[in-house]
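Okay, handing you the structure first.
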Amino acid sequence: MFTNSIQKNDMLPLSCSLPEGIVKADQLKDEGNNHMKEENYGAAVDCYTRAIELDPNNAVYYCNRAAAQSKLNNFREAIKDCESAIAIDPKYSKAYGRMGLALTSVNKYQEAVTSYQKALDLDPENDSYKSNLKIAEQKLRDVSSPTGTGLSFDMASLINNPAFISMDVRDDVKRHRWPCCWGWWPFRFVQPDPCTTKPYAKH
């Protein structure tokens, strides 16, 4: 009779053996993932935050929230979430990869290179990490080059900026000694990170 009781318990669904808060947290994670697919990143952050409140020791929730924060250009918050995920699970390659993306976005290229290298140590066949590592390394070389400025320059944003439209170009040339022709600007153009254009994968 005792043996039969053990067998019946073994057949129960996993959710039945978990605390209610843990089950709810995983449901919130799934909701957050759906919001990510719908590009509703603010709602995704909210779901992952609530999941973390219920289960603060789950590295996946922090890492997923980091992805949503990056989509909202909250890169420093994304870095913090990746650090929290890594503190919980030091072998979580995706957390290193997402931290590399966030670090690249705030121009911390050396730290980004280190993060991508760690991600590749844990997941050597990941093509995304390989590609993003090359981009971070190139940006780091641009910064280190004597002729590089280290600036990521967005011409469209500059042109559409009202401050630029009303700018007295002649005064700007006099103060900064920059050429005012459209044929040359003292910036190095940086290749966009392809990782930001990839669809969100379920975790």
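Readers should treat all values here as calculations from the given coordinates under stated rules, not as data from a laboratory. All values derive from a computational prediction rather than experimental measurement. Please note: Cβ atoms are built from the backbone with ideal geometry, for glycine as well, and neighbour counts cover all protein chains shown.
For the stretch 100-139, count the residues as N, evaluate 2.2 N^0.38 Å, and divide the Cα radius of gyration by that value, please.
After normalising by residue count via 2.2 N^0.38 Å, the value is 1.00.
Please work out the ratio of the alpha-carbon Rg of the stretch 54-153 to 2.2 N^0.38 Å and round it to two decimals.
1.08
Starting from the 7 Å offset along Cα-to-Cβ, what nm value, one decimal, do you get for the label separation of LEU72 and GLU53?
1.4 nm
Hey, another quick one. For the stretch 34-102, compute Rh as the Kirkwood radius over C-alpha pairs and then the Stokes-Einstein diffusion coefficient at 37 °C and 0.692 mPa s; write the answer in µm²/s, rounded to an integer.
Once the numbers are plugged in, D ends up at 286 µm²/s.
Within the set of other residues whose C-beta is less than 9 Å from the C-beta of ALA25, count the net charge using Lys and Arg as +1 and Asp and Glu as -1.
0
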